[in-house]
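Bear in mind that the values in this text are calculations on the coordinates, not laboratory data. Please read all numbers here as calculations on a predicted model, not as lab measurements. FYI the Cβ positions are ideal-geometry reconstructions off the backbone, even for glycines, and counts take in every protein chain you see.
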Amino acid sequence: MDHEAGLRAVLGTSASLITDPEITLSYSKDQAPFAAHQAAAIVLLAKSTEEVAKAVAYANAHNIPVVPRGAGSGLSGGANATSSSLVISLEKMNKIIELDTTNLIARVEAGVINLDLDKAAEEHGLAYLPDPASRDWSTIGGNAATNAGGMCCVKYGVTSAHVRALTVVMADGQIIQLGSATKKAVTTLDLTRLMIGSEGTLGIITELVVGLAVRPATQQQLSQPFQVLRMRLQQLQHF
């Protein structure tokens, strides 16, 4: 069956579908050097939650494996494709929909780059605190899918500590809303935290509400040569 034609019939002729093996190969894996991968059958550069939902529903009806993809910065092979799979890339869904400086939240599409959100928040004296090593090119959706951390997570926590709400496309194409934009929301099961870190196995995160914080003071580093520290330790041993 010609699934490219089938997807175009569902998504419309404006859908960004790629079938060239040389190009789909570039969407076939993340940064895990040990995980097997193959050029995907089709890559969709999704532009909206609705487009993702239609593509997933079609794939579900035709037993096509679906691989969600952010920027491919993961280290676990979670974005690795097979030759029969449909890769749904969220890189084009990169809008900061709202930056609420009163309630200290941002509503973003999954393809927003981590550092871009932090820079946008910085203009208002705010910060988005999760800082994975790949923050200058990893996406917020991918950070949530992997529950990414970073050096600042020791103080501020990993991504799950900053995500308030999610829009998720389920395996049958259903769109659901999880969580709440409010800082405190304790009713019902915490399915938001279940989705975070699930590597796309439970659903595809397409939109997020994340918490912002007043920007911390400028960081400074203090260092001394190793020999000086060694001398200080030796002096302390004599007391």
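Computed quantities for the displayed model
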| item | result |
| --- | --- |
| Flag for ALA165 being small (Gly, Ala, Ser) and surrounded by 15 or more Cβ atoms within 10 Å (Cβ to Cβ) | yes |
| Counted residues, segment 48-82 - those being buried (at least 22 other Cβ atoms within 10 Å of the Cβ) and of a type in the set (D, E, K, R) | 2 |
| Conditions (1) of a type outside the set (Ser, Thr, Tyr); (2) in contact (Cβ under 8 Å) with a residue 12 or more places away in the chain; (3) at negative phi: number failed by GLY77 | (3) |
| Within segment 143-161, considering residues that are touching a Pro at 6+ places or on another chain (Cβ under 9 Å) and crowded, with 24+ Cβ neighbours inside 10 Å, the one nearest to LEU212 (Cα to Cα) | THR159 |
| Residue satisfying all of: in segment 26-47; under 15 Å from LEU7 (Cα atoms) and touching a Lys or Arg at 6+ places or on another chain (Cβ under 6 Å); surrounded by the fewest Cβ atoms within 10 Å (Cβ to Cβ) among these | LYS47 |
